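To keep things clear, I will list the structure first and then write my remarks on it.
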Amino acid sequence: MAYTDEALMDETGRDIAVRRLTYSRWQHANSASHVHGLIVMRRTAVDAALAETTDLNNFADWLLTLLVAKRGGVLHLPIVGRHWRQHPQQSHRAGDPEAVRRIRQAAPLWR
């Protein structure tokens, strides 16, 4: 799995910051936004983990990246690969707390 940095904008489209994050297993397990930028994964790794993510709706990518990272190395590409704008309906503001709890249950494996 490889991921890039990301540029964050506020709700009106103004730049806030560029997030340049060195990979941290602990932070990945505890934050859905840790490797939130452009992510590239091997199909074989995704196929092996996909079945566990089908009922998590908008948090499926968080669990998927955790499961894929657990299977192998994680590469950080230090370029801005994604620009994202905050808005009120984002998962971290309006997501399913049960899905978050379920994903964070895997966190002890990463500490």
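In the chain, taking the dipole from charged Cβ atoms about the Cα centre, the farthest positive-side position among Ser33, Val74, Trp62 is held by Val74. Close amide H pairs (under 5 Å, H built 1.01 Å from N) link Leu38 with Thr4, Gly81, Arg82, residues at least 5 positions away or on another chain.
You can think of it this way: the chain between Glu11 and Arg71 has 18.0 nm of extra reach, that is 0.36 nm per residue less the Cα-Cα gap.
In the chain, Cα pairs under 8 Å separated by at least six residues give a relative contact order of 42 percent. Phi-derived couplings, Karplus 6.51 cos²θ - 1.76 cosθ + 1.60 at θ = phi - 60°, listed residue by residue for the range 24-38: 9, 4, 5, 5, 4, 5, 9, 9, 5, 8, 4, 10, 7, x, 4 Hz, with x used for Gly and Pro. Each principal axis of the Cα atoms in the chain has its own extent, and those three values, largest first, are 38, 30, 26 angstrom.
The label point for Asn57 and the one for Arg20, both projected 7 Å from the Cα toward the Cβ, are 3.7 nm apart.
We did not get these values from a lab; they are worked out from the coordinates using the rules stated. On a predicted model such as this, the values are computed, not experimentally measured, just so you know. Cβ coordinates were reconstructed from backbone atoms using ideal geometry, including for glycine residues, and neighbour counts include every protein chain displayed.
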